[in-house]
Structures are given as C-alpha cells and as structure tokens.
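The structure under discussion appears below in the form of structure tokens.
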C-alpha cells in the first residue's frame, strides 16, 4: 500500500520537474545576447585571441545553431548525462565546479535551520497553546511578531553590528581569519560554531515565528474538540492526553508544509549569507545575478527548486507513514 | 456604543456585513492602534515635500555624515527656548583624522512649524517653500536622523523613500489582485483542465524559493529604463510570484459557493459566467480577499526592500527604503554611522502595523468568532 503511494507520488513529480526546468531555461534566456556572444565579448575584452575552433566546439556542445527548443534539449541532456551546467562567465570555470564547492554548505545550513526551527517552534507552540493568555504566551507572541516583521538581512546587520560594537569581533564568514586556510581541526570546528549558530538562528527566526503561530492555532483548535473532553472526563493525565492525540494532529500540517518552508529557508539563507559573507551560494549567486551570469544563477535555481520538490516528496511520504488516512487514499489534508 | 447596547437599540440586527466587521475590527486592540499609524505613515509620505525639512537631493556640503541632532526645549542653563538644536562645531579627530561634530555650547538653531525653506513644487502642481517643521532660518543645520555620505538629510530621504516603498506595495498588490482573482476565480469556476493547469502552475511557483526567483527576474530586467518603468516592472515581477496565495483562497471560496442555491438560481435565470462571478459570488467572499491582501502587503514590502538592498530591485537615483539601506552593506559602515539604519526602523514599523491590521481584519471577517 505504501509502496504504491510512493510510486504514484514519484510519477506525479516528473511533469513538475520538467515544468521547472523549462521556466528556468526561459529565465536563463531572458537577458539579451546568448552564451556565445557573451563568451566572445569576454574573450575579446580580456585581450585573448578568439579561437574559432573553440567557438565551433561550443556551438556544437550547446546546440547554439539550433532553434530554441533544441537548445533546451541540449541544455537538459548536458546536465543529466554529463553534469554540465554550462560555464560561468564571471569566474571562467564550469558552473558545476562552483556548485560543488559551495552548494553543500548552502543545503547544510538550510537543513540545520529547518531542524532548529522545528526544535524551537514546536515546544513553544505547545507551551503557548496550553498556557493561552499567560505572560509567556504574550512574550512569545511578541517575539513572533518581531520575527515576522524584521527581515532576515536586517536582523543579520543589526546582530553583527551589536556583536561588533560590544566585543570588537566581526562575525562575518564561516571561519575567522586565522583558520580560513587551515586544515580541519577541533579548534577550527569550535571556532566555527558561534558563527554557524548566528546564521542558523537568523535564518530560522522568521520561519520560527510563523511556525509558532501555526502550531499554537492548530493545537488550540484541537484542544477544543470533543475527544479531548472525553479523554479528560475519563481521567487521563493531562500530559499523556496532550501527547497522545492533539500534538500529533497539530504537527501534521507542519510536516506537510515542508515543501513551502524549504524555499523560504533557502531564500533566507541566501540573503543572510550575503550579509555575513558566508562561503555559500548566496554571495556568488547575487553577483551572478547582477552581472547577468545567467548559467550560474539559473543552475542554482534549478537545483534548489528540484531539491525542494524532492523535499516535498519526502514530507508527503513521512506524512503517509504518520497518518494512515492518507496511505489508504482517504482524506487529503 | 457597546455591542449589548447596539443589540438593544436594534442596530445590530440590521447592520450590514461591513458594519459588523468594522465594529469587530475596532474591538481588536492592536489593529485599532495599527490602523491610525498606517494612515499617518501614508499621510506623511504622500505629502513628503511638505513634511520633510529639506529636499532629497539638497546637499549640506559642510555636514557630510553628520550624526542626528536631538531636539531640545531647554538649554544647559535651563532657559526655555522652544524647540531648538545645538549648532555643530566641525573639528577633526587628532588620531583618525575623521570629521567630528561637537555641539556648540552657546549657539543654537531655533526650530519652528511652517518655516520657509528650500523651494519645491507640491505634487508638481504649485510652487512653495513652506515646510511643516524645520530650522527657522533657511539652511540651518537641523538633521533629525543625520545625513548620508553626500550630506543629504536622511529624514527627508526616508520620507521620500516611503512614498516609493509604501506606494510600491499597493501597486504590486493591485497586479497580484488582478492575476490572482482572474486565475483563481476562473480555475474554481470552470474546473476541468483549466483548473488543473492553474493548480500545477501554483505548485510550480510555490516550490521555487522566491528571493532567488525574484532576483533572477529582476536581473533579466533591462538596465537602461526610466524610473517609472522600472517601478512598474518590479511591481509586476513581485506580483507574478505573489499571486498564488490569493488564487488559492479565491478558488477555494468559489468551489464552495458554486454549489450554493443562489448561484444555481442565477445560472437558471440565464446569467453569464462573468455576471455570476462578479455580481453573485464576489460580494460574498470579498472580505476574505481583503484579508488575504492585507496579509500579503508585509511580504511585498520586505521583498522590495530586500531586493533593492541587494542592488537588484529599484536602483538609485530612485529613493526607496531598500535603496537607502544600500548605504549600510558592511559592518564597518554600520558601526561608524549607525544612524544610516534609520530606514530599517520605518520598514519594521510599517510591516508590524500591516501585520497587526491584517490580524484584526482576519478576526473581524470571521463570522464565527
């Protein structure tokens, strides 16, 4: 039963992935001028002889003499069969090389933020719902509002400013200067921890705020339901009652909305890492966008969107495991 | 009148849906604070020429990067002067050779209301030189929030930037509304293949991280275009991605309304699709749309400022809160000139207020509460 469900969901993904790739191909093609003209201009600008045979080779490799839809097929074929995402003009290296250097850090930080977000939001949400209108409920709600209203980049700037003025340490980058080129060691790891914690906290805060609100509202709804009253009337201990049903019900929508939380986290990661100059995709993608280095920008978008789609799939499978109604094709929500 | 009194007087039963909403909205404490503040902010920025003490491009060359000048009423000896700021003595730091600004003990710059300052054209219509509040003598060094690296008054620039930022979100919401309402409405009403296509499109957009997508679209925007076109293009880009939430709300509502008796009755009487949607369905879920729109204003403000801050949204010379924040990209600048962060305060306040107002509206529009 579960196997069938997973297979069905996987098949549904294929058209979505194709659609995403088409959208991104269009975005890559949006700026005036194509791959080759930019390449030639760049070569001429740097005073290099434009190698004719090189141009013929590139034309063939990317199908640039063919109509646009064929170019799309060449582009996709190169990605799938050779892992070739095109070339970055700005860095004069294959995009795949830049991606392999920086993408793991981006994904790692985003996933860590997701875990931290849940770790903070779920307990606070439970507390706020069970202690509605208490002092701490108001405090958490206030913090939540601030988290929603202060954009990540501002929060990054303000916190770095305060840390800088109070301690004189500039917490930008993932490693401090003396460890930047050092090999991995325990000291380097310890040095990285506060910086990592800062990034993860800043990225997570706005998501946490929304999630606390959601968790609180869901749980409050559940707590009013009759089965809770029945359980309480039977004399079930409050703690057991809470954990047995309402919390499980309230956590469900969080799992099912991973698909929307992940893009939010990656967006946040990008901006915050630009401010904090992290060694992730954020800073280089920003520069790629400004200089219209579209293959680099597009490839990042493509990978991140595909990962999100896969993340949604995983969340759907998790949900099917947690919630038997979905597995048996019952209620969708 | 309290709710009970209204019930007694019989006004409650005959009150329209909007009236009921308004009563409930007024009872929401945060929202009733937020709404006047939003109105004040729009008033300040709409008439920013009048309320700002200076002009956005006017340079005080002597006062480059001058810190904010706090307003006093009494001087050191306790004599009352009315509002004034101390004149600045310009010196040099003997160690860093940076310019320093020190309050002079005996020279003051008196401030007043409706003072004569730099000439401007109010809304481009009539010329005047009256400013709401400022230095009584023209050219007096009064900088409520300091000056930037070119010696321009930051408070003035924030007000002018607010005009762009706060109107930008409305324009963008208008486009969002247009796309979301049309696609969501048609998708719910027609169903079938059209519905499937729109729903898949929504899935597609929601699965892409919005900031990089905005950045990519903004990056593809032609560079050499007029400020107005850039403004419109940016707002369309924001709405191209933002319409999905509204479309889902509209579709859900239409789906549930489609089966209602009054819709069937309208259809049997020969009303066309457009008429049924606009005349019969729209009024019954308009309140939800307004709630959804108010909820998406903060996201639009944050998106615009983030993009402009990164240099991919609105570009200088357009003044918006985001472009103003471009000045504090590095920690060093922020540490040396913290007052450059004042635009951020305005962003946070406006987003908070819109959030509160949105919450109040949502509660007010929910008839079961």
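The values are calculated or read from the model by the stated rules, or taken from the named source; none is laboratory data. Keep in mind that what you see is a predicted model, and the values were worked out from it rather than measured. Counting neighbours? That spans all protein chains shown, and the Cβs are built from the backbone with ideal geometry, glycine included.
Whether any residue in the range B:282-294 is away from chain A (no Cβ under 14 Å), in contact with a helix residue (DSSP H, G or I) (Cβ under 7 Å, 6 or more places away or on another chain) and over 21 Å from residue B:239 (Cβ atoms) is what I want to check.
Checked the range B:282-294: at least one residue is away from chain A (no Cβ under 14 Å), in contact with a helix residue (DSSP H, G or I) (Cβ under 7 Å, 6 or more places away or on another chain) and over 21 Å from residue B:239 (Cβ atoms).
Just to be sure, is residue A:118 surrounded by fewer than 22 Cβ atoms within 10 Å (Cβ to Cβ) and either outside any helix (DSSP H, G or I) or in contact with a helix residue (DSSP H, G or I) (Cβ under 6 Å, 6 or more places away or on another chain) (or both)? Full working, then the answer.
Values: surrounded by fewer than 22 Cβ atoms within 10 Å (Cβ to Cβ): yes; either outside any helix (DSSP H, G or I) or in contact with a helix residue (DSSP H, G or I) (Cβ under 6 Å, 6 or more places away or on another chain) (or both): no.
Taking the combined requirement at face value, the residue does not satisfy it.
So residue B:122 passes all but one of these: (1) touching a strand residue (DSSP E or B) at 6+ places or on another chain (Cβ under 7 Å); (2) surrounded by fewer than 11 Cβ atoms within 10 Å (Cβ to Cβ). Which condition number does it fail?
(2)
Say we look at the range A:260-286 and pick out the residues that are at the interface with another protein chain (Cβ under 10 Å from one of its Cβ atoms) and surrounded by fewer than 20 Cβ atoms within 10 Å (Cβ to Cβ); which of these is farthest from residue A:128 (Cα to Cα)?
Pass one, the range A:260-286, residues at the interface with another protein chain (Cβ under 10 Å from one of its Cβ atoms): A:260, A:262-271, A:274-277, A:281-282, A:285-286.
Restricting the remaining residues to those that are surrounded by fewer than 20 Cβ atoms within 10 Å (Cβ to Cβ) gives A:260, A:277.
Numbers: A:260: 24, A:277: 36 Å.
Taking the candidates together, the pick is A:277.
Could you pull out every one of the helices (runs of 4 or more DSSP H) wholly within the range B:269-351 that has 1 or more residues that are within 18 Å of residue A:157 (Cα to Cα) and within 20 Å of the chain's Cα centre (by Cα)?
Details: elements: B:282-310, B:321-325, B:331-336.
Hits in the range B:269-351: B:282-310, B:321-325.
Considering (1) more than 10 Å from chain A (Cβ to nearest Cβ); (2) closer than 25 Å to residue B:290 by Cα; (3) touching a helix residue (DSSP H, G or I) at 6+ places or on another chain (Cβ under 8 Å); (4) at pLDDT below 85, say which one residue B:366 fails and leave the rest.
So residue B:366 meets the others, but not (3).
I'd like the full set of residues that are in contact with a helix residue (DSSP H, G or I) (Cβ under 6 Å, 6 or more places away or on another chain) and surrounded by fewer than 18 Cβ atoms within 10 Å (Cβ to Cβ), limited to the range A:126-144.
Residues of the range A:126-144 in contact with a helix residue (DSSP H, G or I) (Cβ under 6 Å, 6 or more places away or on another chain): A:128-129, A:131, A:137, A:140, A:144.
A:131, A:137, listed by residue number.
Inside the range B:262-275, can you point out the residues that are on the phi < 0 side of the Ramachandran plot and surrounded by fewer than 19 Cβ atoms within 10 Å (Cβ to Cβ)?
B:262, B:264, B:265, B:266, B:267, B:268, B:269, B:271, B:272, B:273, B:274, B:275
For the range A:287-300, give me the residue count where each residue is surrounded by 22 or more Cβ atoms within 10 Å (Cβ to Cβ), under 16 Å from residue A:31 (Cα atoms) and facing chain B (nearest Cβ under 10 Å).
The total comes to 6.
Just to be sure I understand the filter: pairs with C-beta atoms under 6 Å, separated by 6 or more residues or on different chains, first member in the range B:296-320 and more than 9 Å from chain A (Cβ to nearest Cβ) and farther than 14 Å from residue B:348 by Cα, second member part of a loop (DSSP other than H, G, I, E, B) and modelled with pLDDT of 85 or more. Which pairs pass?
Within 6 Å, the pairs are B:308/B:320; B:314/B:320.
Take the conditions under 30 Å from residue A:168 (Cβ atoms), free of Cβ contacts under 8 Å to residues at least 24 places away in the same chain and crowded, with 21+ Cβ neighbours inside 10 Å and apply them to residue B:345. Does it pass? Can you show your working first?
Values: under 30 Å from residue A:168 (Cβ atoms): yes; free of Cβ contacts under 8 Å to residues at least 24 places away in the same chain: yes; crowded, with 21+ Cβ neighbours inside 10 Å: no.
No.
Assigned to a helix (DSSP H, G or I) and more than 30 Å from residue A:194 (Cβ to Cβ): does that describe residue A:112?
Values: assigned to a helix (DSSP H, G or I): yes; more than 30 Å from residue A:194 (Cβ to Cβ): no.
Judged against the criteria, residue A:112 is not a match.
Answer yes or no: is there a residue in the range A:25-43 that is at pLDDT 85 or above and surrounded by 12 or more Cβ atoms within 10 Å (Cβ to Cβ). Even if it seems obvious, please write down each step before you answer.
Step one: filter the range A:25-43 for residues at pLDDT 85 or above, giving A:25-26.
Keeping just the survivors that are surrounded by 12 or more Cβ atoms within 10 Å (Cβ to Cβ) gives A:25-26.
Looking for residues that are at pLDDT 85 or above and surrounded by 12 or more Cβ atoms within 10 Å (Cβ to Cβ), one finds at least one in the range A:25-43, hence yes.
Give B:226, B:187 a once-over and let me know the one that is buried (at least 21 other Cβ atoms within 10 Å of the Cβ), more than 30 Å from residue B:70 (Cα to Cα) and in the same structural domain as residue B:345 (by TED's automatic domain parsing). Please lay out each step first, then the result.
On the way: B:226 fails: buried (at least 21 other Cβ atoms within 10 Å of the Cβ).
When all the criteria are applied, what remains is B:187.
Sort out which residues of the range A:6-30 are more than 11 Å from chain B (Cβ to nearest Cβ) and touching a residue at least 12 places away in the same chain (Cβ under 8 Å), and write them in order of number. Give the derivation first.
Taking the range A:6-30 first, the residues more than 11 Å from chain B (Cβ to nearest Cβ) are A:6-11, A:14, A:25.
Within the range A:6-30, A:6, A:9, A:10, A:25 qualify.
Looking at A:100, A:53 in this structure, which one is without any contact (Cβ under 8 Å) to a residue 40 or more places away in the chain, in a helix (DSSP H, G or I), within 30 Å of residue A:268 (Cβ to Cβ) and more than 14 Å from chain B (Cβ to nearest Cβ)?
Numbers: A:53 fails: within 30 Å of residue A:268 (Cβ to Cβ).
Just a single option satisfies the conditions, and that option is A:100.
Between a first residue in the range B:84-98 that is not assigned by TED's automatic domain parsing to the domain that holds residue B:112 and a second residue that is at pLDDT 80 or above, which pairs have beta carbons less than 7 Å apart while being 6 or more apart in sequence or on different chains?
none
Got at least one residue in the range B:174-186 being over 18 Å from residue B:238 (Cβ atoms) and in a helix (DSSP H, G or I)? Can you show your working first?
At the first step, the residues of the range B:174-186 found to be over 18 Å from residue B:238 (Cβ atoms) are B:185-186.
Pick out the ones that are also in a helix (DSSP H, G or I) and you get B:185-186.
The answer is yes; a qualifying residue exists.
Quick check: is even one residue across the range B:53-71 exposed (fewer than 14 other Cβ atoms within 10 Å of the Cβ) and over 20 Å from residue B:155 (Cα atoms)?
No, that holds for no residue.
Looking only at residues that are more than 7 Å from every other protein chain (Cβ to nearest Cβ) and in a loop (DSSP other than H, G, I, E, B) in the range B:202-243, which one is modelled with the highest pLDDT?
Among those residues, the one meeting the criterion is B:226.
If you check residue A:246 against the conditions, is it surrounded by 24 or more Cβ atoms within 10 Å (Cβ to Cβ), more than 14 Å from chain B (Cβ to nearest Cβ) and either within 19 Å of residue A:95 (Cα to Cα) or over 16 Å from the mean Cα position of the chain (by Cα) (or both)?
Working: surrounded by 24 or more Cβ atoms within 10 Å (Cβ to Cβ): yes; more than 14 Å from chain B (Cβ to nearest Cβ): yes; either within 19 Å of residue A:95 (Cα to Cα) or over 16 Å from the mean Cα position of the chain (by Cα) (or both): yes.
So residue A:246 passes the test.
List the number of the failed condition for residue A:184; all other conditions in (1) over 25 Å from residue B:341 (Cα atoms); (2) in contact with a helix residue (DSSP H, G or I) (Cβ under 7 Å, 6 or more places away or on another chain) hold.
(2)
Among A:212, A:284, which is the only one that is more than 27 Å from residue A:72 (Cα to Cα) and in contact (Cβ under 8 Å) with a residue 60 or more places away in the chain? Even if it seems obvious, please write down each step before you answer.
Details: A:284 fails: more than 27 Å from residue A:72 (Cα to Cα).
Result: A:212 is the single residue among A:212, A:284 that is more than 27 Å from residue A:72 (Cα to Cα) and in contact (Cβ under 8 Å) with a residue 60 or more places away in the chain.
Going by the structure shown, is residue B:75 more than 22 Å from residue B:148 (Cα to Cα), touching a strand residue (DSSP E or B) at 6+ places or on another chain (Cβ under 9 Å) and surrounded by 14 or more Cβ atoms within 10 Å (Cβ to Cβ)? Spell out how you get there, then give the answer.
Values: more than 22 Å from residue B:148 (Cα to Cα): yes; touching a strand residue (DSSP E or B) at 6+ places or on another chain (Cβ under 9 Å): yes; surrounded by 14 or more Cβ atoms within 10 Å (Cβ to Cβ): yes.
Judged against the criteria, residue B:75 is a match.
Return the total of residues in the range B:141-161 being within 22 Å of residue B:47 (Cβ to Cβ) and in a loop (DSSP other than H, G, I, E, B). Quick ask: steps written out before the conclusion?
Of all residues in the range B:141-161, those within 22 Å of residue B:47 (Cβ to Cβ) come to B:142-145, B:152-161.
In the following step, the residues that additionally are in a loop (DSSP other than H, G, I, E, B) were identified as B:142-145.
Selection size over the range B:141-161: 4.
Are any residues in the range A:139-172 assigned to a loop (DSSP other than H, G, I, E, B) and over 24 Å from residue B:358 (Cβ atoms), and if so, which ones? Lay out the reasoning, then the answer.
Residues of the range A:139-172 that are assigned to a loop (DSSP other than H, G, I, E, B), as a first pass: A:150-151, A:168-172.
Answer for the range A:139-172, where residues must be assigned to a loop (DSSP other than H, G, I, E, B) and over 24 Å from residue B:358 (Cβ atoms): A:168, A:169, A:170, A:171, A:172.
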